[in-house]
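**Q** Take a look at the following structure, please.
The values are calculated or read from the model by the stated rules, or taken from the named source; none is laboratory data. The structure presented is a predicted model; accordingly, all values stated were derived computationally and were not measured. Please note: Cβ atoms are built from the backbone with ideal geometry, for glycine as well, and neighbour counts cover all protein chains shown. Quick note on the areas: whole protein, heavy atoms, side chains included, nothing else; ligands and nucleic acids left out. Shrake-Rupley method; radii C 1.70, N 1.55, O 1.52, S 1.80 Å.
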Amino acid sequence: MVAERVKLVIPSKIRELSERAKKIENVISLGIGEPDFDTPVHIKEAAKKALDQGLTHYTENQGMFKVRKAISDRYMRLFSAEAHPQNILLTAGAYEAVYLAFMALLNKGDEVLIPDPIFLCYENDAYMSESVPVRFPLHEENNFRPSQDEILERVNQKTKMLVLNYPSNPTGGVLEKNDYKMIADICEDHNLYLLSDDTYEEIVFDGYQPDCFLNHYDKTIITNSFSKNYAMTGWRVGFVVAEKEMLTPMLRIHQYAVSCLNTPALEGTYTALTDSQQCVSDMVKEYERRRNLIVKGLNNLPGVSCINPKGTFYCFANITETGMTSREFSDFMLDNAKVVVVPGDAFGDRGEGFIRCSFATDYAKIEEALIRMEKALKSF
Ligand SMILES: Cc1ncc(COP(=O)(O)O)c(C=O)c1O
């Protein structure tokens with residue numbers, strides 16, 4: 001028998017689509033949620049060296065101190081934000097970080113405010129923690145930023161946490177300067193935890209500079225990762241930053257579920273953090289070049305419009321004028337153009353009418369995908 005809470009967990013619609021795509025030849029995938037770049041060589045070398053030196057044993061449950069210290073220095077350097085090493089917990093990616101926050105801080109029946117559309121894990125973590133996800137809408141005309149009124153309408157005595165993810169998967173939206181204070185004020189007034197998943201914070205374009213909620217609100221829980229900025233998805237290294245009262249219960253779960261992270265992977269991460277950051281800027285520059293190509297190309301397709309994402313490697317295109325639903329559109333593109341795009345409703349009801357296209361794929365492939373999509377739509 002399976003535990004009741006698992007029955008609520010929703011199978012990923014993205015995986016379904018990639019399974020179907022695997023059976024078709026010559027497919028170009030714009031469905032990908034990870035960098036196409038290889039992990040930079042100096043990071044790989046550091047992990048190899050660790051293996052050769054016999055650094056193959058357990059590390060501290062909370063995570064190797066020098067890595068936490070390097071993260072702490074990074075927050076000071078990038079945001080002038082205080083993130084003491086004792087307030088940092090290293091996790092198996094941001095996935096584990098988010099899961100721990102839900103499991104350690106929420107009780108059965110507590111309500112969690114989650115944007116719609118948004119990445120899939122928050123709603124499922126709510127189900128696993130037996131808390132109740134309450135979705136609030138994000139609108140294209142507001143660049144998918146949160147609206148104060150729409151959040152406040154949903155706050156009540158049971159509300160315990162507000163979740164945000166900016167730069168956002170799937171919309172590529174970012175927060176404006178004033179949004180940080182607006183969100184912090186809501187959380188302060190209603191004594192809510194604020195979970196800010198900052199996984200894409202370094203993948204930003206047009207000179208945009210994000211702020212950090214650590215500078216605005218004490219009950220902030222930052223979840224973050226090395227997966228996307230350093231192209232290290234398979235290394236499984238992420239982290240949480242939170243004050244002691246919130247971090248200690250998370251550590252308690254982590255200690256028995258995961259114990260500690262992979263030691264060579266942490267040595268690689270330490271090098272990623274402390275060596276030159278040129279590799280990150282180079283990758284971001286290339287994402288921006290591809291972003292310019294794909295947004296222009298999508299806007300040229302009949303019935304499709306797309307606003308400019310300021311961050312991540314996703315754009316969220318509006319396809320309502322084609323007369324197809326998101327699901328019909330993505331099936332149509334797979335069958336007629338051999339191009340994978342993700343239907344927006346995979347990210348929540350408010351994603352209906354949109355498709356997510358990833359530009360974490362080669363420039364030439366994006367060009368080809370756009371040509372194929374145009375041809376398919378013109379003969380529709
Ligand atoms: C918004 C967001 N958060 C968290 C994750 C999980 O990343 P990881 O566990 O690889 O750090 C992802 C992965 O796609 C993501 O898009």
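**Q** Taking Cα atoms, how many degrees apart are the long axis of helix 363-378 and the longest axis of the chain, rounded to 10 and kept between 0 and 90?
**A** Taking Cα atoms only, the helix is inclined about 40 degrees.
**Q** Between beta-carbons, use under 11 Å as the cut-off and find the net charge around TYR166, counting Lys and Arg +1, Asp and Glu -1. Spell out each step's value before the answer.
**A** Details: positive: ARG145, LYS310; negative: GLU176, ASP179, ASP197, ASP198, GLU201, ASP211.
Summing Lys/Arg as +1 and Asp/Glu as -1 gives -4.
**Q** Checking the cross-link filter: which lysines have an alpha carbon closer than 19 Å to that of LYS375, excluding same-chain neighbours under 8 positions apart?
**A** Leaving aside lysines fewer than 8 places away in the same chain, those within reach of LYS375 are LYS296, LYS338, LYS365.
**Q** Follow-up question, since we're still on this one. Nearest 5 percent is fine: what portion of the DSSP beta bridges confined to the stretch 134-255 is antiparallel?
**A** Working: 4 of 12 bridges.
Roughly 35 percent of the beta bridges in the stretch 134-255 run antiparallel, per DSSP.
**Q** With a cut-off of 16 Å, note down the residues of the stretch 341-360 whose backbone N falls inside the zone around a label point 7 Å from the Cα of LEU78 toward its beta carbon.
**A** Within reach of a label on LEU78, which here means backbone N under 16 Å from a point 7 Å along Cα→Cβ, the stretch 341-360 contributes nothing.
**Q** Kindly write out, for the stretch 309-320 in residue order, the coupling ³J(HN,Hα) from the Karplus curve 6.51 cos²θ - 1.76 cosθ + 1.60 (θ = phi - 60°), rounded to whole Hz, with x marking Gly and Pro.
**A** For the stretch 309-320, the Karplus curve yields x, 8, x, 6, 10, 10, 10, 10, 9, 8, 10, 4 Hz.
**Q** Spin-label point model (7 Å from Cα, Cβ direction): what's the ASP116 to ARG15 distance in nm?
**A** 2.3 nm
**Q** Shifting gears a bit: Could you please report the charge total around GLY109, scoring K, R as +1 and D, E as -1 over all other residues with beta-carbon less than 14 angstrom from its beta-carbon?
**A** Local net charge: +1.
**Q** Expressed as a whole percent, how much of the Cα-Cα distance distribution for the stretch 217-318 exceeds 18 Å?
**A** Numbers: 3317 of 5151 pairs.
Within the stretch 217-318, distances greater than 18 Å cover 64 percent of Cα pairs.
**Q** Across the Cα atoms of the stretch 171-239, what radius of gyration and what greatest pairwise Cα-Cα distance (Dmax) are found, in Å?
**A** Just the Cα atoms of the stretch 171-239 yield Rg and Dmax of 13.3, 40 Å.
**Q** Ok, one more. Sort 164-170, 367-373, 104-110 by packing, meaning the average of other beta carbons within 10 Å per residue, with the highest value first.
**A** Ranked from most to least packed, the peptides come out as 164-170, 367-373, 104-110.
**Q** While we're looking at this one, here's another question. How much length is gained on full extension from PHE65 to LEU8, taking 0.36 nm per residue of separation minus their Cα-Cα distance?
**A** Values: separation 57, 0.36 × 57 = 20.52 nm, distance 3.74 nm.
Value of the extension gain: 16.8 nm.
**Q** Please give the charge dipole size of the stretch 333-380, origin at the Cα centre, charges +1 on K and R Cβ atoms and -1 on D and E Cβ atoms. Round to the nearest 20 debye. Please list the in-between numbers first.
**A** Working: 7 positive and 8 negative charges, 26 e Å.
Charge dipole of the stretch 333-380: 120 debye, to the nearest 20.
**Q** Let me ask you something else. Would you kindly give the portion of the calculated P(r) for the chain that falls above 26 Å, as a percent of all Cα pairs? Walk me through the numbers before you get to the answer.
**A** Working: 37580 of 72010 pairs.
The proportion of pairs with Cα distances above 26 Å equals 52 percent.
**Q** Sticking with this one: Pick from ILE88, ILE24, ILE14: which residue has the top mean-square fluctuation in a GNM of the chain where Cα pairs under 10 Å get a spring?
**A** ILE24
**Q** Take every Cα-Cα distance within the stretch 116-268, group them into 10 Å bins from 0 onward, and report for each bin the whole-number percent of pairs it holds.
**A** 9, 37, 38, 14, 1
**Q** While we're here: Can you grab the distance from the C-alpha centre of the stretch 234-290 to the C-alpha centre of the stretch 126-172, Å, no decimals?
**A** After rounding, the separation between the Cα centres reads 25 Å.
**Q** Mean projection of the alpha-carbon convex hull of the stretch 1-127 over all orientations, in nm²? Intermediate results must be reported in sequence, preceding the final value.
**A** Values: hull surface 52.7 nm².
Seen from a random direction, the Cα hull of the stretch 1-127 projects 13.2 nm² on average.
**Q** Oh, and also: Quick one: Karplus J couplings for the stretch 249-255, per residue in order, coefficients 6.51, -1.76, 1.60, θ = phi - 60°, nearest Hz, x for Gly and Pro?
**A** Result, ordered by residue: x, 5, 4, 4, 6, 4, 4 Hz.
**Q** Would you grab the residues whose amide H sits under 5 Å from the one on TYR314? Only those 5+ places off in sequence or on another chain, please, with H modelled 1.01 Å from N.
**A** PHE359
**Q** Okay, next question. What order, most packed first, do the peptides 327-338, 303-314 have when packing is the mean number of other Cβ atoms within 10 Å of each residue? Kindly include the intermediate steps, with their values, before the conclusion.
**A** Numbers: 327-338: 18.9, 303-314: 22.4.
Answer by packing, highest mean first, reads 303-314, 327-338.
**Q** Would you grab the residues whose amide H sits under 5 Å from the one on ILE32? Only those 5+ places off in sequence or on another chain, please, with H modelled 1.01 Å from N.
**A** For ILE32, the qualifying residues are SER358.
**Q** Run the simple label-point estimate for LYS23 and TYR58 please: 7 Å along Cα→C-beta, distance reported in nm.
**A** 4.6 nm
**Q** Per residue, how many Å² of accessible area does the stretch 41-274 show with a 1.4 Å probe? Write down the numbers at each step before the final one.
**A** Working: 9440 Å² over 234 residues.
Result: 40 Å² of accessible area for each residue.
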